[in-house]
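The structure appears right after this line, and notes come after that.
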Amino acid sequence: MLNIGLTNSIFFTHPLFSTTKTLRMKQTLYAALACLGLLTSAGAAQAQRKCATMESLAAQLAADPSLAQRRAAIEAQARAFEANPTQGTAQRGNAVVTIPVVVHVLYNTAAQNISDAQIQSQLDVLNQDYSKTNADYTKTPSAFAGLVANVGVQFVLAKQTPTGAATTGIERKQTTKTSWGTDDSMKKASTGGLDAWNSSKYLNLWVCNLSGGVLGYAQFPGGAAATDGVVILTTAFGKGGSAVAPFNLGRTATHEVGHWLNLNHIWGDDGTSCSGTDNVADTPNQADENYGTPAYPNPSCSNTSDMFMNYMDYVDDAAMYMFSTGQSSRMNALFATGGARAGLLTSVGGTAPGGGTTPTPTTPTYCASKGSSVSYEWVDLVQLGSINRTSAANAGYYDGTALGTTVAAGSAQTIYYSAGYASSAYTEYWKIYIDYNQDGDFADAGELVASRSSSASTTLSSAFTVPTTAKSGKTRLRVVMSDNSATTSCGSYSYGETEDYSITISGGLRTAESAKAEVADYKLFPNPTSGALNLVLPAGHKAADVQVQVFDVRGASMKQVRYDGSGMLEVQQLPAGVYTLRLQDGNTVVHQRFVKQ
């Protein structure tokens, strides 16, 4: 089978390049291969990332001449925003923009009807990638490490429809269509799809079986409201379930939502000429897209290296893990005064009807791991912190997640363990894992914390250090003892035992869920309001101990707001608009947005 794009490239030295560059003349090559009858496999076309956003934009510009003017106005607003040093995320008082999301699932087969858990996994990835809490951002080379940005944007499944009804934020529709093109037909009920919700208040995500090897496409700001949103291939959406490597880590949506938030491809779509631009100052000029998992440095266009690990390149999911500061500023321009997506700031789509936002907790589902026989050996001791359990055989697996201990991010730890034998001692292979990034697997770098073999029944020990990038909160510790050195964290094996425990990380990175829970503990109502706001604090907290500030969208402090320490905030004297409340309660700082009518 010919794997196009991976094994067939044209090499030459371009006068604008500091080094020989692989130039992928895809259209010419694909056409030639098609004529030769070699381009016959959909799998070959899908070996590399393929985004149809720019083709979609070209079609929209051809169909709607006024779109060019709207796009030009959006670009001018972005330039003005970037030129004002008082703006950036600080113009919202460092408040996070929370975007309600509706997921429209179109399926022909049962496998395409993705689960709620897979959908939530995609929201989790978006929240991590847009808040710089993804564990792999630390892989960024030192040349770019200082540019990795927290965009300050988070995503939540809608809790309220445009008409005010309660919702899960997920719509499903079975269809007789086996695949969809990029003509937006999936976005309209009249053509067999599902209609968009109000695109000024929601991010619409359509998940369906796209044809032609396309992983996804998005609509830039300024396009028609009825088609505004992002489309993702079923097998490139979220983690687990239908997701297929190398596009199984949720980064296709990260890339496409970047387009929806006005980011261009990082190479500027200039056909390798080094003359294009992505309209971002801190991303190096690069010749063309990168694929697969490049090694650093990877130079072109006289740069030191392409920023190929950027979400807006074309590398595999595992090889992309950062937005730049300039990209963050460009996206945040959309939420400033006059921004094309500023309407999301006043959306109540993420609020349950008649109440406040209550984050939905997500519990990762871990793969099964079990020994088929404990006739000869089993785990008889696991000790780490307050976990200290001795036992006989437990039928190949023991669920000890009701037991747990707490460890600090960055701390040195030692875990103790031993094997029990029915008679003779055999060589056992031990592998101990901790899911540091809480993504439901043990496959990430550093999550195998111990690996050794021994034929002794004495207590063994392994030292490890909890990464500073581990996420705060409860996660899974897995101990696997097998007679087979090839045994991993998942699956069944012949002889031995697996034991699972809970472990809580303190002092690490906050998860999106913990950040939302923290905010949810502090409530403002009514919101929107035409007069006063009531401030409700967590149990045991005193209103008199709280310091309150209110900022407008420019980041200016609203001195006329009065807070008397009783829990009542007088805001009736404010002009109508969107404001951010900054609440400091001891060492806790919370930002909440409210609307003054």
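The values are calculated or read from the model by the stated rules, or taken from the named source; none is laboratory data. For clarity, every value in this text was computed on a predicted model and none was experimentally measured. Because the Cβ atoms are built from the backbone with ideal geometry, glycine has one as well, and the counts that use them run over all protein chains shown.
For region 155-186, taking the residues that are acidic (Asp, Glu) and buried (at least 17 other Cβ atoms within 10 Å of the Cβ), the one that is nearest to Thr346 (Cα to Cα) is identified as Glu171.
Does Ser121 satisfy being modelled with pLDDT under 95, in a helix (DSSP H, G or I), hydroxyl-bearing (Ser, Thr, Tyr) and in the same structural domain as Leu205 (by TED's automatic domain parsing)? Spelling it out, Ser121 is indeed modelled with pLDDT under 95, in a helix (DSSP H, G or I), hydroxyl-bearing (Ser, Thr, Tyr) and in the same structural domain as Leu205 (by TED's automatic domain parsing).
Would you say Thr405 is in contact (Cβ under 8 Å) with a residue 24 or more places away in the chain and β-branched (Val, Ile, Thr)? Here the answer is yes, as Thr405 does meet what is asked.
In region 441-459, the residues that are among the β-branched types (Val, Ile, Thr) form Cβ pairs under 6 Å with partners that are surrounded by fewer than 16 Cβ atoms within 10 Å (Cβ to Cβ), at six or more places apart or across chains, as follows: Thr459/Tyr416. Mind listing whichever residues of region 443-476 are hydroxyl-bearing (Ser, Thr, Tyr), in contact with a Phe, Trp or Tyr (Cβ under 8 Å, 6 or more places away or on another chain) and part of a loop (DSSP other than H, G, I, E, B)? Of everything in region 443-476, those that are hydroxyl-bearing (Ser, Thr, Tyr), in contact with a Phe, Trp or Tyr (Cβ under 8 Å, 6 or more places away or on another chain) and part of a loop (DSSP other than H, G, I, E, B) turn out to be Ser455, Ser457, Thr459, Thr469. Listed by first and then second residue, the pairs with beta-carbon distance under 8 Å, at least 6 apart or on different chains, first residue in region 520-535 and closer than 12 Å to Thr351 by Cα, second among the basic types (Lys, Arg) and modelled with pLDDT of 80 or more, are Pro528/Lys596.
Okay, residues lined up against (1) over 23 Å from Ala68 (Cα atoms); (2) touching a Lys or Arg at 6+ places or on another chain (Cβ under 6 Å):
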| site | (1), (2) |
| --- | --- |
| Trp180 | yes, no |
| Gly192 | yes, yes |
| Ser200 | no, no |
| Leu205 | yes, no |
| Ala224 | no, no |
| Trp260 | no, no |
| Leu263 | no, no |
| Ser273 | yes, no |
| Thr277 | no, no |
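Does region 468-480 hold any residues that are modelled with pLDDT under 95 and buried (at least 21 other Cβ atoms within 10 Å of the Cβ), and which are they? Result: Ala470, Lys471, Thr475.
Looking only at residues in region 297-346 that are modelled with pLDDT under 90 and of a type in the set (Ser, Thr, Tyr), which one is farthest from Cys274 (Cα to Cα)? The qualifying residue farthest from Cys274 (Cα to Cα) is Thr346.
Check region 237-253 and report whether any residue there is in a strand (DSSP E or B), in the same structural domain as Ser131 (by TED's automatic domain parsing) and of a type in the set (S, T, N, Q).
No, because not a single residue in region 237-253 is in a strand (DSSP E or B), in the same structural domain as Ser131 (by TED's automatic domain parsing) and of a type in the set (S, T, N, Q).
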